[in-house]
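To keep things clear, I will list the structure first and then write my remarks on it.
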């Protein structure tokens, strides 16, 4: 089956060769080939009136949504914005979300969706101090390697794992309660995980049960003496390193700083 333009060209050529035979003859010829009668008559009329084969530029239905004005509106809604819903914008413009997606793609500079990147939240004072402090660190320690440590806490239940907060059911009324609900204690049992890293490697991990934040005694004995020092001796025996702990209070206790 030829496409629209090929069929139209075929009808034009046949009409020019057989127009003396009459429209009925031409119609019957193409009906025998299995074409739609209404389409054939329309093409015969166009051929008789001298309508060009190609579609006239600007012809066809005028765009009611995907036009220059709405493109600019959609751009203002989305460009360099966060928390914008395509469904809400589509509702305002009285169109489908798919139309909004098509408009975003058709812009001169297409607007794409990106995942936001996490970064530490700082106060104005912290931001003001960050640049000069980084500059001093770079000038003073640029020939050194940085050694950093950090700790985190993980619950012993699986409630914090992604995928554990969903379930499947053909009828929610028949789903057991231990599937449709998950229990969470107000103060869950946790484990502490501490680690030291540098550009040269990763130190021995310290894992221990924990019900509260790490204290100075655990940090000094289990982390600094038993794990940080062996790590430094193994990877940084030359001494050209800087140990940079984070701002946890246990890291800056008097007993820890005096030992260091």
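Read the figures in this text as sums done on the coordinates, not as results from a lab. None of these values were measured; they are calculated from a predicted model. Don't worry about glycine lacking a Cβ; one is built from the backbone with ideal geometry, like all the others, and counts go over all protein chains shown.
Please label the shape of the chain as rounded, prolate or oblate, based on the square roots a ≥ b ≥ c of the eigenvalues of the alpha-carbon gyration tensor (a/c under 1.5 means rounded; beyond that, a/b larger than b/c means prolate, else oblate). Because a/c hits 1.5 or more and a/b exceeds b/c, the chain counts as prolate. Pairing the Cα long axis of helix 4-18 with the longest principal axis of the chain, what angle in degrees results, from 0 to 90 and rounded to the nearest 10? Long axis of 4-18 versus the principal axis of the chain: about 10 degrees.
Compared with the dominant Cα axis of the chain, that is its longest principal axis, helix 97-106 is turned about 90°.
In this structure, residue 175 and residue 88 have a Cβ-Cβ separation that, at R0 = 35 Å, corresponds to a calculated FRET efficiency of about 0.60.
Grab the Cα-Cα distance for residue 16 and residue 141, subtract it from 0.36 nm times how many residues apart they are, and report the gain in nm with one decimal.
Length gained, residue 16 through residue 141: 36.2 nm.
Can you give me the angle between helix 23-32 and the longest principal axis of the chain, using Cα atoms only, in degrees from 0 to 90, rounded to the nearest 10? Once rounded, one gets 50 degrees.
All distinct Cα pairs of region 107-147 go into the 1/r average, and the inverse of that average, the Kirkwood radius, is 13.9 Å.
Work out how much length residue 48 to residue 259 would gain on full extension: take 0.36 nm times their residue separation and subtract the Cα-Cα distance, in nm to one decimal.
65.8 nm
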